[in-house]
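First comes the structure, then the notes that go with it.
The values are calculated or read from the model by the stated rules, or taken from the named source; none is laboratory data. For clarity, every value in this text was computed on a predicted model and none was experimentally measured. No Cβ is skipped: glycine too gets one built from the backbone with ideal geometry, and neighbour counts run over all protein chains shown.
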There are 2 protein chains.
Amino acid sequence: MRSEDIAKLAGVSRSTVSRVINNYSNVPEKTREKVMKIVEEYHYEPNTSARILAGKSTNTIGLFVISTTEKHNPNRIYQNNYFAPFVDALVDTANAMGYYVLIHTIYSEDDFIKVKQAFQQKRIDGGIIVGTENNMAMARVIADLEVPFVLIDYDIAELLENRLDRNNLAVINSKDYEGAAKAVEHLISLGHRDIAFISGRQNTYSGKQRYQAYMTTMQDHGLKVIEKHVLSGDFLRAKAEQEVKKMLLCDAATWPSAIFSANDEMALGAMDACKGLGVLIPEQLSLIGFDDIPVAAQLNPNLSSVSLPIYEMSQKAALILVEMCEKGSASFSTISFPTQLMIRETTRELNASL
Amino acid sequence: MRSEDIAKLAGVSRSTVSRVINNYSNVPEKTREKVMKIVEEYHYEPNTSARILAGKSTNTIGLFVISTTEKHNPNRIYQNNYFAPFVDALVDTANAMGYYVLIHTIYSEDDFIKVKQAFQQKRIDGGIIVGTENNMAMARVIADLEVPFVLIDYDIAELLENRLDRNNLAVINSKDYEGAAKAVEHLISLGHRDIAFISGRQNTYSGKQRYQAYMTTMQDHGLKVIEKHVLSGDFLRAKAEQEVKKMLLCDAATWPSAIFSANDEMALGAMDACKGLGVLIPEQLSLIGFDDIPVAAQLNPNLSSVSLPIYEMSQKAALILVEMCEKGSASFSTISFPTQLMIRETTRELNASL
DNA sequence: TTGAAAGCGCTAACAC
DNA sequence: GTGTTAGCGCTTTCAA
């Protein structure tokens with residue numbers, strides 16, 4: 001069924017059918033009804049390719065999940081607790097606005113060409129980049145495309161430095177610095193002074209922010225950061241377990257009284273290490289993570305953490321993107337979502353009576 | 001940059017460019033190189049819409065997530081432990097074969113038209129349905145489309161009954177019956193005779209299979225199913241907690257010695273109920289779930305469960321679908337993946353000395 | 001208010 | 001081997 005068939009059946013021309021389909025104002029109600037009746041009767045659906053070729057938009061947005069380090073990880077990005085709710089809200093919000101979502105995973109710099117291709121092939125109107133790297137080279141490629149794009153978890157300052165505050169670009173972040181500072185301050189308020197830190201990957205924006213927040217907050221409160229208590233992690237469980245174990249194998253007198261882990265995954269690793277060595281949480285060691293993954297509230301003891309409004313962030317990403325696609329609102333914008341401290345059972349007052 | 005521009009620069013015609021792009025055999029190596037040089041130099045990408053309009057396939061598959069009951073659930077499908085790894089493997093596998101994935105959520109029967117539209121609008125070559133309902137009406141609509149489609153977790157017998165074993169259709173299941181039987185038999189082998197069951201939604205294939213497996217296995221072993229010990233659940237945590245609590249509020253002498261829960265989510269609810277009433281697992285009550293969600297192995301005590309090869313199922317779905325799209329291999333096929341019993345800490349021998 | 005006709009960029013049958 | 005040309009189905013100027 002083509003528009004021409006509909007036209008014939010309705011006794012009008014293809015142009016009129018097109019006008020009706022596209023809700024043009026200059027077609028009388030009577031003609032519109034006549035055409036719509038046939039359209040509905042035959043369940044006519046215009047051919048998307050033909051429409052796009054004739055200059056219409058695709059009504060499709062691309063979601064590109066950058067995951068250059070995780071291809072061979074057991075801890076795949078789709079299974080991680082950031083991506084699942086993210087895609088949920090994104091697809092939902094986009095669908096509700098009449099948009100389709102094209103999803104693609106990027107595992108290497110070479111794969112990155114897929115983003116460009118999706119545009120050049122006219123498959124999508126705009127795109128969203130969510131991933132773990134704060135990669136300025138990629139951002140530049142995106143910016144040079146000069147199409148609507150939303151960047152998630154990118155360093156705004158660095159973007160500005162590189163003059164990438166281009167139109168059609170939006171950045172959506174969470175306030176990781178603030179969240180991490182709250183976590184450290186929570187520990188300090190409980191009387192902890194020797195607080196260890198398990199860092200995340202430093203090539204990510206959130207990894208850096210959480211690290212800096214830890215360092216600065218400690219300093220601001222006049223607390224000494226003990227070099228051996230700053231453990232180098234990679235956001236994954238296994239390495240964190242090793243590092244914590246190594247630290248706890250030293251003389252117990254040198255142990256920190258609390259650990260702030262840059263994410264929950266690594267906090268689980270810390271718990272593994274403690275369990276293995278018979279160290280009690282929170283009796284001997286307080287522990288707080290970041291991300292507030294669903295497991296956090298289900299563990300025994302429940303893990304204290306900092307939660308991120310991922311769902312809202314993703315929803316906002318879809319909204320902003322569609323707006324940019326439709327209105328061509330050509331301004332650079334950024335938005336940073338607040339975090340929330342979730343105090344549970346793994347953090348307690350230093351030397352609390354048992 | 002259009003094919004015509006490339007043609008001019010390379011000193012050939014548009015047809016030749018097209019032949020090179022589409023890897024036709026009847027173009028000499030020399031010409032091919034000449035054209036490719038220009039193509040690469042200018043990063044030329046053919047316009048997808050034009051190609052599709054001219055009769056090429058879209059190289060895109062649709063993933064439709066049916067979720068008619070879960071729109072307002074806190075336990076959204078994208079966050080559930082079935083969907084996340086499913087989309088992971090699917091996108092990965094499809095991308096690796098050069099396919100894009102268009103994703104759409106269907107929240108109601110009305111939304112279902114989106115599946116049809118995606119095809120009629122020529123957005124996708126084939127589709128995959130994953131969801132929670134074993135809905136024959138939907139299956140019929142799909143079958144009538146006569147395009148490549150993969151159905152996940154559908155009742156093959158019912159499909160056959162309805163003569164929906166059409167070409168271009170494939171069904172991918174897990175052996176839920178077998179898995180559930182293994183779970184019940186495991187409890188029986190531990191000496192349990194009064195085994196309670198928390199059922200899942202009966203409008204799902206897996207819900208039904210797990211229920212039937214429980215009933216039949218009990219019967220096969222000459223064990224009596226006590227009506228009050230067959231709890232009616234909905235696959236969600238809250239209701240399961242209520243039901244288990246209600247059961248445990250009766251005289252302790254009437255308690256079952258073990259519970260088989262149709263999924264882990266509800267097993268968590270059962271654990272909540274026990275915790276609330278001070279009932280010890282596994283000392284007083286053995287418990288086994290289904291799905292082997294990641295949390296299962298992280299709880300204290302670790303939850304025994306039955307694991308499903310979701311990743312492999314999804315991978316297979318992508319492979320079969322692409323094969324159907326490309327080869328037009330027009331046969332009805334089904335494949336059922338085996339399950340695996342994961343014995344952990346929540347199941348123990350009846351009256352084991354403590 | 002409506003229709004005719006010229007594209008949009010590509011593929012493929014046909015002719016050379 | 002390679003070029004010419006006629007579509008694919010739609011939108012949108014332009015004219016009437």
- Message: Going by what's in this entry, would residue B:33 be described as away from every other protein chain (no Cβ under 14 Å), loosely packed, with under 13 Cβ neighbours inside 10 Å, more than 7 Å from DNA strand C (Cβ to nearest atom) and at pLDDT 90 or above?
- Response: yes
- Please enumerate the residues belonging to the stretch B:90-111 that are farther than 17 Å from residue A:103 by Cβ and without any contact (Cβ under 8 Å) to a residue 40 or more places away in the chain. B:110, B:111
- Among the residues of the stretch B:293-325, which ones are within 13 Å of chain A (Cβ to nearest Cβ), assigned to a loop (DSSP other than H, G, I, E, B) and over 23 Å from residue B:193 (Cα atoms)? B:293, B:299, B:300
- Please tell me if residue B:81 is among the polar types (S, T, N, Q), modelled with pLDDT of 90 or more and away from DNA strand D (no atom under 13 Å from the Cβ). no
- Test each condition in (1) surrounded by fewer than 22 Cβ atoms within 10 Å (Cβ to Cβ); (2) in contact with a Leu (Cβ under 8 Å, 6 or more places away or on another chain); (3) closer than 27 Å to residue B:123 by Cβ for residue A:130 and report the one that comes out false. (1)
- Selection within the stretch A:36-55 - free of Cβ contacts under 8 Å to residues at least 24 places away in the same chain, surrounded by fewer than 14 Cβ atoms within 10 Å (Cβ to Cβ) and of a type in the set (D, E, K, R): A:40, A:41
- Message: Can you find a residue that is more than 7 Å from DNA strand C (Cβ to nearest atom), small (Gly, Ala, Ser) and within 14 Å of chain A (Cβ to nearest Cβ) anywhere in the stretch B:41-50?
- Response: yes
- Here are some conditions: (1) in contact with a Cys (Cβ under 9 Å, 6 or more places away or on another chain); (2) within 14 Å of chain B (Cβ to nearest Cβ); (3) of a type outside the set (Lys, Arg). Residue A:284 meets all but one. Which one does it not meet? (2)
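How many residues does the stretch A:279-292 hold that are in a loop (DSSP other than H, G, I, E, B) and buried (at least 17 other Cβ atoms within 10 Å of the Cβ)?
7
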- Item | One residue from B:19, B:2 being on the phi < 0 side of the Ramachandran plot, within 14 Å of DNA strand C (Cβ to nearest atom) and either within 14 Å of chain A (Cβ to nearest Cβ) or more than 44 Å from the chain's Cα centre (by Cα) (or both) | B:2
- Here the residues within the stretch B:5-16 that are within 11 Å of DNA strand C (Cβ to nearest atom) and either away from chain A (no Cβ under 14 Å) or of a type in the set (A, V, I, L, M, F, W, C) (or both) are B:6, B:7, B:13, B:14, B:15, B:16
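Residue by residue, here is whether (1) buried (at least 23 other Cβ atoms within 10 Å of the Cβ); (2) modelled with pLDDT under 95; (3) within 17 Å of the chain's Cα centre (by Cα) holds:
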residue: A:165; (1), (2), (3): no, yes, no
residue: A:174; (1), (2), (3): yes, yes, yes
residue: A:179; (1), (2), (3): yes, no, yes
residue: A:189; (1), (2), (3): no, no, no
residue: A:192; (1), (2), (3): yes, no, no
residue: A:196; (1), (2), (3): yes, no, no
residue: A:208; (1), (2), (3): no, yes, yes
- State which residue pairs qualify: first residue farther than 25 Å from residue A:83 by Cα and inside the stretch A:274-293, second residue among the basic types (Lys, Arg) in any location, beta carbons under 7 Å apart, and separation of 6 or more residues or different chains. A:276/A:245; A:277/A:245; A:282/A:348; A:286/A:348
- Per the filter on the stretch A:93-123, residues within 8 Å of chain B (Cβ to nearest Cβ), over 18 Å from residue B:42 (Cα atoms) and not polar (S, T, N, Q) are A:100, A:101, A:102, A:103, A:104, A:123
- Message: So, in the stretch A:210-221, exactly how many residues are within 23 Å of residue A:246 (Cα to Cα) and surrounded by fewer than 18 Cβ atoms within 10 Å (Cβ to Cβ)?
- Response: 1
- Message: Let me spell it out: the conditions are (1) free of Cβ contacts under 8 Å to residues at least 24 places away in the same chain; (2) under 21 Å from residue A:54 (Cα atoms), and residue A:124 meets all of them except one. Which number is the exception?
- Response: (1)
- Note on the structure: Scanning the stretch A:88-124 residue by residue, those within 16 Å of residue A:311 (Cβ to Cβ) and among the β-branched types (Val, Ile, Thr) turn out to be A:91, A:93, A:101
